[in-house]
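J.: Next up is a structure, given as structure tokens.
The values are calculated or read from the model by the stated rules, or taken from the named source; none is laboratory data. The structure displayed is predicted, hence computed values, not measured ones. For neighbour counting, all protein chains shown are included, and Cβ atoms are generated from backbone atoms with ideal geometry for every residue, glycine included. Keep in mind that these areas ignore ligands, DNA and RNA; they rest on the heavy atoms of the full protein, side chains included. Shrake-Rupley method; radii C 1.70, N 1.55, O 1.52, S 1.80 Å.
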Amino acid sequence: MVSMSGLHALTSEMHAGFLTLAFACIIVVVAAQIVVRLRNWLPKWMTNLAIRVRGYAEAAGYVGALLGVIGLLLSAYTGMYAWPQDVLLESSIIRNKILLTAFSTILWSGAVFIRVRFGRGLWTCPAMAVVYVGLASAGYSLLAIAGCLGSRLARDESLLDWIYAFIGLDVEKEFALDPSVAAAIAIGSALAFLVSLFVAKRYDLFSIKLGPQTCQKFFRWDEPRIVELTHKMD
Ligand code: HEM
């Protein structure tokens, strides 16, 4: 019978693989979009390569992020049952892992929500693309720390130890905010959420579409569509 900690090792490898694919593909799309946008100043082979690659990378990034979020939820479940509850929550490393997993899941879910809601058209709007890439980058950074805390637990060492030492971060000490700071952040985010809901309703932003008919006209960033690799470029 496989133990829950064994299953946790499996699910964490799985979600880490999906989200690494997602993050790498999103960065490839960013680079390809910039190359295509600067096509008049760059060699043709580079633009053609970017046009051929970006559509596949964009789609793989989307699927990887979707499966990665599902995998993260699975890992949170297997992690919560990897050790007896009373022992689990005694460890400050585990409490930090739970916090980092929660934040990473929220950030990646935000990125998936934007991709589902606005589709590939999000890449025609620089502001929305920055938010999408920012959420994925922040989500991936926190995930990497959570994963390394797992390696600390299992092998008492991790790949990121030199970074923690360099920035003076003690990952064995609980990541906790001063209660008043935490309360201020919670109230501030709730207010920001309510104001953005009001503005979205006031300017009918809920029905907005991003794509060739809207953002692309102004910013001239086109959609990263899939182009057959054998397609003859002009
Ligand atoms: C709610 C969130 C989580 C909890 C409660 C949790 C809990 C645990 C526990 C108790 C262990 C030790 C298992 C053992 O003794 O073999 C562990 C190991 C580990 N965890 Fe997590 N974890 C969580 C999330 C994550 C995430 C998000 C990742 C990856 C990014 C991750 C990656 C790992 C790894 C790589 C190990 C070492 C596995 C091994 O080599 O045996 N965990 N985790």
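J.: Relative to a virtual label point 7 Å from the Cα of Thr214 in the Cα→beta-carbon direction, which members of the stretch 98-135 show backbone nitrogen distances below 16 Å?
T.: Inside the label zone: 113-132.
J.: With every protein chain left in place, what is the accessible area of Glu13 in Å² (1.4 Å probe, nearest 10)?
T.: Near enough 130 Å² of accessible area.
J.: Under a GNM of the chain (C-alpha, springs under 10 Å), which listed residue has the highest mean-square fluctuation: Arg117, Arg202, Arg39?
T.: Comparing Arg117, Arg202, Arg39 in the GNM, the peak value goes to Arg202.
J.: Find how much the distance from Ser207 to Tyr56 grows on full extension, using 0.36 nm per residue of separation minus their present alpha carbon separation; answer in nm with one decimal.
T.: So the chain would gain 51.6 nm between Ser207 and Tyr56.
J.: Let me ask another. Nearest 10 degrees is fine. How inclined is helix 179-202 to the longest principal axis of the chain, computing both from alpha carbons?
T.: Roughly 30 degrees, rounded to the nearest 10.
J.: A further question follows. Determine, from the Cβ-Cβ distance of Ala192 and Leu42 and an R0 of 35 Å, the FRET efficiency 1/(1 + (r/R0)^6), rounded to the nearest 0.05.
T.: The pair Ala192/Leu42 has a calculated efficiency of 0.35.
J.: May I pose another question? May I ask you to list the lysines whose Cα is less than 27 Å away from that of Lys201, ignoring any residue fewer than eight positions away on the same chain?
T.: Straight-line reach from Lys201, under 27 Å: Lys209, Lys217.
J.: Something else now. Over the heavy atoms of Asp178, what accessible area does a 1.4 Å probe trace out, to the nearest 10 Å²?
T.: Around 80 Å² of this residue is reachable by solvent.
J.: Please report, in debye to the nearest 20, how large the charge dipole of the chain is about its Cα centre when each Lys and Arg carries +1 at its beta carbon and each Asp and Glu carries -1 there.
T.: Once rounded to the nearest 20, the dipole reads 1360 debye.
J.: Right, next: Using a cut-off of 29 Å between alpha-carbon atoms, which lysines can reach Lys173, once sequence neighbours fewer than 8 places away in the same chain are excluded?
T.: Lys97
J.: Continuing with the same structure: For helix 44-80, report the angle its Cα long axis makes with the longest principal axis of the Cα atoms of the chain; keep it between 0 and 90° and round to the nearest 10°.
T.: Helix 44-80 sits roughly 30 degrees off the main axis of the chain.
J.: For the chain, find the longest principal axis of its Cα atoms and tell me its angle to the long axis of helix 126-155, 0 to 90°, nearest 10.
T.: That works out to roughly 30 degrees.
J.: While we're looking at this one, here's another question. Heavy atoms only, probe 1.4 angstrom, no DNA, RNA or ligands counted: give me Tyr77, Tyr132 ranked by accessible area, highest first.
T.: In descending accessible area the options line up as Tyr77, Tyr132.
J.: Sticking with this one: Please work out, to two decimal places, the log10 of the ratio I(q)/I(0) at q = 0.15 Å⁻¹ from a Debye calculation in which every Cα of the stretch 22-155 carries one identical scatterer.
T.: Scattering profile of the stretch 22-155, log10 relative to I(0): -0.75.
J.: For the chain, rounded, prolate or oblate, judged on the Cα gyration tensor with a ≥ b ≥ c (square roots of eigenvalues), a/c < 1.5 rounded, else prolate if a/b > b/c?
T.: Prolate is the answer for the chain, as a/c is 1.5 or above and a/b outweighs b/c.
J.: Whole number in Å², please: accessible area per residue of the stretch 4-215, 1.4 Å probe, ligands, DNA and RNA not counted.
T.: The answer is 57 Å² per residue.
J.: Cys25 accessible area, nearest 10 Å², 1.4 Å probe?
T.: Near enough 20 Å² of accessible area.
J.: Label points 7 Å out from Cα along the Cβ direction at Ala176 and Glu228: separation in nm?
T.: If labels sit at Ala176 and Glu228, their model points lie 6.2 nm apart.
J.: Once each part is reduced to its C-alpha centroid, what is the distance from the stretch 2-81 to the stretch 202-234 in angstrom?
T.: 21 Å
J.: For the chain, what % of the accessible area comes from carbon and sulfur atoms, probe 1.4 Å?
T.: Carbon and sulfur together cover 72 percent of it.
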